[in-house]
Every structure is written in structure tokens, then in C-alpha cells.
Amino acid sequence: MFSGQTIGIDIGALNTVIVVGSWNGRTVQIKKSVMVPTPLDYVRDGHIAQPDKMVSYLRQVFKDHHIEKGKVIFSTENVDVIQREIILPKVSDKELNSMIPFEVESHFPIKTEDYCLEHQILEEFTEDKMKKVKVLVAAMPRDIVESYLFLAEELGLKPLGLKLQGGCIAHLFQKTNSVNDLALDPLATLALIDIGHTKMRIDFVNMGRLVFSRTVAFKSKDLAEMIALTLGVTIEKGEVLKAQCTLQKYSAEDFDPVTKSLRDVMREKADEWVQELQPIFRYFLSMNESNKIDQIVLYGGYSAISGIAEYFQEIFNRPALTIKSLSVLEYTTKTQNVPLPFVLNAVGSLIQE
């Protein structure tokens, strides 16, 4: 466990989130959170495309928001990260660490020297009287890891790790007892859906363990572009109008023409999300006859859309909610903080054990 304050940074395609806090073994104590726009073309498909410019930009952000130098953990998600589940004999942690690179060569279409490997034990079981483990292995391109290391070093920060967002959110739900002041069933399987600007990630978490994860890169136009085309306005105006989008059910006479168009565009975009999610849900349920989905939990930028939880609940016929509070989080100052759905990946990265 690390002492003192740690900085969690989550660099997204649209926004960059910085959280200053610490993990005391029971709660994540948040001192400060900041969200700033990610400059156009600085990050492309999860890669730091212009590292020198990103360093200069973040240096100014740190100065403007009075963020002191210290330890840093980055969280990221990238479509180039390859994840596989593999079955191995149950051995010591040291032996497992030495086995995984050899196993990766036969399970992954990669050269291990070009990737950094991370693993998580999902399950222990006995088969043919032999103890085995199911391990989730993630292989991240080495150039991505090196670009984040470059950022840390140039900013004068001490790098503690680069974590996948799925692991960050799973850690949060492993440690929390309630969501929105409602007690969590410890045996429930949660579908945690992060709806972002250019991609959507779904993590299935059972008893605090990440059991399955998928990332979907959006192929269609962004919501702001769709609004701009529909209403004949600029994309900049479309960005502003996004805040007025809703999935709430109203009668047609309740809408003026602009509001009705915004709702129609929002429904079209939400239907696209569902089309991406439905085969993932079906696949997860088919993997094992004991697999189930008890609750849908929405977060990320688009989870702020009015009526989105009700929409998902109706489509998937399962309880759905957007995250407003988690019992594992504690704010140590009264300063203005970034809305919770935007910061969860960065906050989850701070949990170190």
C-alpha cells in the first residue's frame, strides 16, 4: 500500500481526468479532481500521438490547478490491447509469473518482446483431480507503455503503474458496499458499461472480480456530428446542444421541433449502442450456464443523458442505474469536484494493495 497522495490520470479521446487522492485500505480519499479537454489529435485510438505537446499541455494543467508533483498511476483502454483467458495449473505466484510469457506465445498472435503483460486470476477450480486457475491475461503494446512512462518522467512524476480501465472499475466495486445509497448484493453479477466519446467498454463483475470484458470502438458519427447534420448547425453548436438531449418518454406535443429532433437523434445513437451490446450480452451468458446479469450500471460521459437508465432497463429487461455515489469514496475537501461518472477510472486506479 502506498502512503501519501497519489495522482490518477485517465486520458480520454475527449477529456482528460486527473484525481489527487489516496487509498487507506477502506476508502479512496479524494482531495481534488480536475477534468480538462484532451487537445485534438494529441491522443488517437488510445495512443499518445503527440507526447511532447501532451507534456506541455499537462504541465500547464498542473500549474493552473495547483497540482503538486508526486506518484502517478495512469488508466487507459485501447483497442490494441489483447485479452485472453487461459487455464493453467495452480502454482505459486512466482511460478505463474514465469509461465505466462511462454503461454502467451501459444495463445496470442504476438511477439512477447513487443508487448507488456498483465494478468489477473479469475477463478480457482479442480479438474481431473488437479487444481487449476483461470487467468485473464492482457497484452499491451510496448510503445503505449513507453509513451505513458515518457509523460510521467517529463512531468517529474514517479510512475507507479499503467492500469486497464476494466481492472480499475472492478477494484472499485470490489471495495464498495453500496451504490447511490443502495446496498449491493455481494453475489450479484454487474454489467458495468462505460459509454465514452469514441468507444464503449463493458465489464462483467461478479463478487468484485472482473470475469469478462469487451471494448467496442464506435464506427458511426459522434453525437455532436449527428446533431449538426440533422439541424444544419456547426459541430461546435452540436456539442453545446448535446446537453439538451434526452431519452425520457414524452408525448409528441410536449416537444418543440428542435427538442423533438434532438430526442430522435439521441434515440438513434442509443439504439446503435444497444446493437453493439446485445451480442456481447448473449455471448457472456452463453459462456457458462451459471452466468447471469443481475444489474446494469452506467457511467462515463454519456451516462449523464436524461432517461438513459430507464431506456437500458426497458431494452434489456434488467434493473439499470447511473452512478451518483459509491460508499467506497470519501471527499476530504469541499472544493468543486468533477461529476462522479467521469472520474471512476482514474479514482479506481488509486486502489493499491
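Read the figures in this text as sums done on the coordinates, not as results from a lab. Since the structure is predicted, the reported quantities are computational estimates derived from the model, not experimental observations. Backbone-built Cβ (ideal geometry, glycine too); neighbour counts: all protein chains shown.
As I understand it, the dipole of the stretch 171-272 uses +1 on the Cβ of Lys and Arg and -1 on the Cβ of Asp and Glu, about the Cα centre. Which of Ala270, Leu187, Val258 lies farthest toward its positive end? Checking the options against the dipole of the stretch 171-272, the answer is Leu187. Our coupling estimate for the stretch 129-137, obtained by passing each phi through the Karplus curve with A = 6.51, B = -1.76, C = 1.60 and θ = phi - 60°, is 6, 10, 6, 9, 10, 9, 10, 8, 10 Hz, Gly and Pro reported as x.
Projecting the Cα atoms of Phe62, Ile11, Val145 onto the charge dipole of the chain, computed from C-beta unit charges around the Cα centre, puts Phe62 farthest toward the positive end.
Sorted ascending by nearby beta carbons within 10 Å, beginning with the fewest, His107, His119, His171 become His107, His119, His171. Cβ-to-Cβ counts within 10 Å put Ser75, Ser178, Ser290, Ser213 in ascending order as Ser290, Ser178, Ser213, Ser75, the fewest first. Extending 7 Å from the Cα toward the beta-carbon at both Asp264 and Ala188 defines two label points whose distance is 3.7 nm. Charge dipole (Cα centre; +1 on Lys/Arg Cβ, -1 on Asp/Glu Cβ; no other charges) of the stretch 181-325 amounts to roughly 340 debye.
Look at [x] 16.4; [y] 19.4; [z] 26.5: the one that is mean projected area of the Cα convex hull in nm² derived from this structure is [y]. Its DSSP H runs of at least 4 residues, each contributing -39,500 (n - 2.57), put the calculated 222 nm mean residue ellipticity of the chain at -10500 deg cm²/dmol, to the nearest 500. Starting from the Cα gyration tensor of the stretch 288-353, take the square roots of the eigenvalues, sort them a ≥ b ≥ c, and report rounded, prolate or oblate (rounded when a/c is under 1.5, otherwise prolate if a/b is larger than b/c, else oblate). Here the stretch 288-353 falls in the oblate category.
Taking the Cα centre of the chain as reference, the dipole from Cβ charges on Lys and Arg (+1) and Asp and Glu (-1) amounts to some 680 debye.
Given Val240, Gln50, Phe342, which one lies farthest toward the positive end of the charge dipole of the chain, if we put +1 on the Cβ of every Lys and Arg and -1 on the Cβ of every Asp and Glu? Result: Phe342, furthest along the dipole toward the positive end. Computed from phi, the 3J(HN,Hα) profile of the stretch 158-173 under the Karplus parametrisation 6.51, -1.76, 1.60 (θ = phi - 60°) reads 8, x, 9, x, 10, 10, 6, 4, x, x, 5, 5, 5, 4, 4, 7 Hz, with x in place of Gly and Pro. Counting charges near Tyr311 (Lys, Arg +1; Asp, Glu -1) among other residues having Cβ under 14 Å from its Cβ returns a value of -1. For the stretch 190-201, putting each phi into the Karplus relation 6.51 cos²θ - 1.76 cosθ + 1.60 with θ = phi - 60° gives couplings of 9, 9, 9, 10, 9, 9, x, 6, 10, 7, 10, 10 Hz, in residue order, rounded to whole numbers and with x for Gly and Pro. For the stretch 75-205, a crude dipole built from +1 on the beta carbon of Lys and Arg and -1 on the beta carbon of Asp and Glu, taken about the Cα centre, is about 260 debye to the nearest 20. Peptides 125-133, 179-187, 161-169 ordered by packing proxy, namely the average of other Cβ atoms within 10 Å per residue, highest first: 161-169, 179-187, 125-133.
The order of Ser349, Ser56, going from fewest to most other C-beta atoms within 10 Å of their C-beta, is Ser56, Ser349.
Express the Stokes-Einstein translational diffusion coefficient of the stretch 135-273 in µm² s⁻¹, to the nearest whole number, given a Kirkwood radius over alpha-carbon pairs, 10 °C and a viscosity of 1.306 mPa s. Rounded to a whole number, D works out at 86 µm²/s. Name the residues whose placed amide hydrogens come within less than 5 Å of the amide hydrogen of Phe212, ignoring near sequence neighbours (fewer than 5 apart) on the same chain. Counting only residues 5 or more places away or on other chains, the set is Phe204. The Cα atoms of the stretch 82-141 define a convex hull whose projected area, averaged across directions, is 3.9 nm². Computed on the chain, with alpha-carbon pairs under 8 angstrom and 6+ residues apart, the relative contact order is 22 percent.
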